[in-house]
Amino acid sequence: MTYCVALRVERGLVFAADTRTNAGVDNIAQYRKLHYWRDPGQRVLVLLSAGNLAISQSVISVLNEQLSSRNEQRAEPTLFDASTMYRAARVVGDAVREVRRIDSPALEISKAGFGVNFIFGGQIGDERPRLFQIYAEGNFIEATDDTPFLQIGEHKYGKPILDRVANSKMRLGEAAKLILLSFDSTLRSNLSVGMPIDLLLYERDSLEVKRERRIDPDDEYFRSLSSSWSEALRQAFGKIDEFKG
């Protein structure tokens, strides 16, 4: 399984994804699940994937093949042809449907199911950054100011802190800290999610990827963050009156 999360704030977007995949307790591997495309000065597009690895890789391959042949005469638009983030999300959704059309019959025979989800976000031109969750059917929802974050995969352990703290006024560094704390809770409670974590911070209107980092198990900041958070929780717990009933 996996865990991916993205947060939209006024200053930009923050994306993070773990790298663990498993097909059983004795078949664990590491794959990158954070992908991005950029046309400096024009657009930055980021995609997080969770679910069946073969399906997600096929979708990404379709998107890349479209871009590699974009100068040829073709009917369908590419990620670099889309005029808005909504249109770009539709390109991704159409790629999901194409892979589903080809692979779904065989998956249904084996009862494996077509299981995949994506988080897609970025900025095109002077449009504000936007964030979408794309489902296995190819349709999608968009993050809002009321719910500025999206999660896919093993999200339940990391969701409570996001529900309590996330807001669109946060600085990018604060948003990254919050997302990493969400990962810390997930890593402690779910063995199917594992490090390293790929992290990308996109600054609004930069139309370029400037802040990208892989968080390894021995990363000094993440270890300090985890330790400080555990200590803060213990202190907060100790200050609350105990139950007297």
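The values are calculated or read from the model by the stated rules, or taken from the named source; none is laboratory data. Source: prediction; values computed, not measured. Ideal geometry is used to build each Cβ from the backbone, glycine not excepted, and the neighbour counts take in all protein chains shown.
Couple of notes before you dig in:
- Residues satisfying the stated conditions in segment 58-69, i.e. surrounded by 15 or more Cβ atoms within 10 Å (Cβ to Cβ), farther than 23 Å from L13 by Cα and at pLDDT 95 or above: S58, V62
- Scanning segment 70-88 for residues that are modelled with pLDDT of 90 or more, over 17 Å from Q133 (Cα atoms) and of a type in the set (A, V, I, L, M) yields a single hit, A82.
- Residue pairs meeting the criteria (Cβ under 6 Å; at least 6 apart or on separate chains; first assigned to a loop (DSSP other than H, G, I, E, B), in segment 129-145; second modelled with pLDDT under 95 and of a type in the set (S, T, Y)): D145/S168
- Residue match in segment 179-196 (condition: hydroxyl-bearing (S, T, Y), buried (at least 19 other Cβ atoms within 10 Å of the Cβ) and touching an Asp or Glu at 6+ places or on another chain (Cβ under 7 Å)): yes
- One residue alone among R213, R164, R223, R234 is over 28 Å from A112 (Cβ atoms), in contact (Cβ under 8 Å) with a residue 12 or more places away in the chain and either part of a helix (DSSP H, G or I) or not small (G, A, S) (or both), and that residue is R213.
- Any hit, segment 187-210, residues being free of Cβ contacts under 8 Å to residues at least 60 places away in the same chain, within 18 Å of the chain's Cα centre (by Cα) and within 17 Å of G12 (Cα to Cα): yes
- Breaking point among (1) out of contact with any helix residue (DSSP H, G or I) (no Cβ under 6 Å at 6 or more places or on another chain); (2) at pLDDT 95 or above, for A54: (2)
- If you go through segment 98-128 and keep only what is part of a helix (DSSP H, G or I) and exposed (fewer than 15 other Cβ atoms within 10 Å of the Cβ), you end up with R101, I102, P105, A106, E108, I109.
- Odd one out for A95, checked against (1) assigned to a helix (DSSP H, G or I); (2) surrounded by fewer than 22 Cβ atoms within 10 Å (Cβ to Cβ): (2)
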